[in-house]
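These notes concern the structure reproduced below.
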Amino acid sequence: MSAISGKTIAEKIFSAHSGTDAHAGDIVVADVDFVMGQDGTSPLAIRALENMGVDEVFDPEKVAVVMDHSSPSPIEGVSALHTIMREFGKKTGAKVYDVGEGVCHQLIPEKGHVVPGDLMVGCDSHTCTYGALNVFSTGVGSTDGAAAMASGKLWFKVPDSVKVTYNGELKPGVFSKDLILYLAGQIGADGATYEAIEFHGPVIDELSVEARMTISNMAIEVGAKAGLMKADAKTLEWFEGRGEKTPAPQAPDADATYIRELTFDASTIGPQVAKPHAVDNVSPIEEVEGTPIAEGVLGTCTNGRLEDFAIAASILKGRKVHPDVRFIVAPASRKILLDAIEAGYVQTLVEAGAALVTPGCGPCVGTHNGVPSTGENVISTANRNFKGRMGNSDAFIYLGSPATVAASVIEGKITDPRKYFEGGQA
Amino acid sequence: MKFHGTVHKYGRDIDTDVIIPARYLNTSIPEELAKHCMEDLDAGFVAKMQFGDILVAEENFGCGSSREHAPISIKSAGVSVIIAKSFARIFYRNAINTGLPIMEAPEAVDGISDGDTVTVDADAGIIVNETTGETYTAQPFPPFVKDIIEKGGLIEAVKGKVRE
């Protein structure tokens, strides 16, 4: 690639963190600003550190372990893993987020551990979430995570970037979740493997920071290494009061080189649903309307934020969850739970019949909090619907927006939420 | 490095949730993880696996979660090498880091059927389907990858370097 062409967000962040003039395809050793693991992956990373003979981390302020996937522990084996994490925190000084704090991908930005322009790795594939905040964040395995915890560095291949632009405007009842599900349906589960996606366009600009995080969260579902966005005034405002780090946003150059460019008109996109058992098995909601459901899930690192609670509450206000449906609600963090209580959303949802569970991953990964029964259909705001994902390989998981889930749990079947938004609001 | 075994062939987008479901991640003992390898996709997988057998799959093998338990469970179940048309990014790195040999060879995948007997010379990048007599080429392991795999993973390889 020519050295005179401009740079993408990914190339700029890797240049700044490796001290090189980094371009797509280069292999660089880069300084990471933060390293994170969760309760499924941290124990393996901690064991790898022990095997390396390393008994400290490169900077305790820049390492955190989060108990979110199976939290509080549903089984003795997990309790032992949690103990390993707590002891690691005591030994190294790394930050431990214990039971009830929330999902790692909400906590890391919420607590100000990363700011725009940062580079971070997490031992969880949805670490790409913070791309919405102009952080190059990507998922790694426990061995790579351990290497980064020990040294503060990791080698990377600087990815090519794909530019995805959403023009037009979102129609009432259509949300950022629908935009990313639509993209998955268009380009497939390996549509951007090893590449970074940059999301652009007036629709992205209009979205709240929370709604943007939903999009970047699912970049991995098309194979991408990161799902990046520019930092704008909204992004910088979001970080105010969250920590002491100074943002150093990286914007792409006007003449940056993209390996592909995709442009969509959001005005023509309606609610989307991913059908079992693949995230790219997407269709417009009209094709699955009426499918009976036994369980609904609002939450996860994809859609467990305050805005998602507001959307669901606006639909469920004064209504009831269908008697044949379990509606499980998991706030993404303790702060979101408190904010949702204060705003009255928790009251609304629980009165409607929701079962509120501990801030964290909820039933998404199939270890606790609502494993579906054999043959049951689930409608969820999560990011994955693989066979067995929620703990039963004979259940069927559909993915949609918080509005689609809320509308569906009322009727006991997959329901187009747009009827609640006619006239511009629910 | 040479591998020889019976092929178990699967489709595209084999995700980490079917390779090792999260409900079994309450342990990190390789032998325990191996017991549930591929269970949600093919309940008979562990029973039919012979040590040294070969996994063959279409595109995007290992998509989904970053759980390193996935390559660990496959390796511990006795798989000697995975040949696929392509691998998901995180799985690719995790496999090498945990010492599980993987090869991208689209033509070989098209030419190999479930139950075939296959011999792989990873250093030369040659895959021979003994059942059909066809030979395919793949990218040989670069020396550093070979070193990591022979030592059983990145951690062991790095420890060896430190001792030297």
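Here the condition is being buried (at least 24 other Cβ atoms within 10 Å of the Cβ), at the interface with chain A (Cβ under 7 Å from one of its Cβ atoms), farther than 28 Å from A:Ala80 by Cβ and at pLDDT 95 or above; of B:Asn60, B:Asn94, it holds for B:Asn60 alone.
For the criterion of being on the phi > 0 side of the Ramachandran plot and at pLDDT 95 or above, A:Gly173 passes.
For the range A:48-60, which residues satisfy the criterion of being surrounded by fewer than 21 Cβ atoms within 10 Å (Cβ to Cβ) and touching a residue at least 12 places away in the same chain (Cβ under 8 Å)? Within the range A:48-60, A:Met52, A:Val54, A:Asp55, A:Glu56, A:Phe58, A:Asp59, A:Pro60 qualify. Screening A:Gly37 against (1) outside any helix (DSSP H, G or I); (2) within 14 Å of chain B (Cβ to nearest Cβ); (3) without any contact (Cβ under 8 Å) to a residue 12 or more places away in the chain leaves a single unmet condition, (3). One residue stands out in the range A:132-149 among those that are more than 10 Å from every other protein chain (Cβ to nearest Cβ) and outside any strand (DSSP E or B): the one that is nearest to the chain's Cα centre (by Cα), namely A:Ala132. The sole residue among A:Glu195, A:Glu169 that is surrounded by fewer than 24 Cβ atoms within 10 Å (Cβ to Cβ), outside the structural domain of A:Phe34 (by TED's automatic domain parsing) and farther than 25 Å from B:Arg93 by Cα is A:Glu169.
Within the range B:65-91, the set of residues being closer than 19 Å to A:Ala189 by Cα and either within 8 Å of another protein chain (Cβ to nearest Cβ) or surrounded by fewer than 24 Cβ atoms within 10 Å (Cβ to Cβ) (or both) comprises B:Ser65, B:Ser66, B:Arg67, B:Lys85, B:Ser86, B:Ala88, B:Arg89, B:Ile90.
Yes/no matrix, rows are residues, columns are (1) part of a loop (DSSP other than H, G, I, E, B); (2) touching a strand residue (DSSP E or B) at 6+ places or on another chain (Cβ under 6 Å); (3) crowded, with 24+ Cβ neighbours inside 10 Å:
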site: A:Gln347; (1), (2), (3): no, no, no
site: A:Gly362; (1), (2), (3): yes, yes, yes
site: A:Asn392; (1), (2), (3): yes, no, no
site: A:Ala403; (1), (2), (3): no, no, yes
site: A:Val409; (1), (2), (3): no, yes, yes
site: A:Thr415; (1), (2), (3): yes, no, yes
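Of the candidates A:Ala22, A:Ala10, the single residue that is under 21 Å from A:Phe156 (Cβ atoms), part of a loop (DSSP other than H, G, I, E, B) and of a type outside the set (S, T, N, Q) is A:Ala22. The single condition among (1) surrounded by fewer than 17 Cβ atoms within 10 Å (Cβ to Cβ); (2) in contact with a Cys (Cβ under 9 Å, 6 or more places away or on another chain) that A:Glu244 does not meet is (2). For the range A:260-312, a tally of residues being free of Cβ contacts under 8 Å to residues at least 40 places away in the same chain and either farther than 20 Å from A:Glu221 by Cα or crowded, with 24+ Cβ neighbours inside 10 Å (or both) returns 2.
The values are calculated or read from the model by the stated rules, or taken from the named source; none is laboratory data. Quick caveat, the model's predicted, so the values are computed rather than measured. Because the Cβ atoms are built from the backbone with ideal geometry, glycine has one as well, and the counts that use them run over all protein chains shown.
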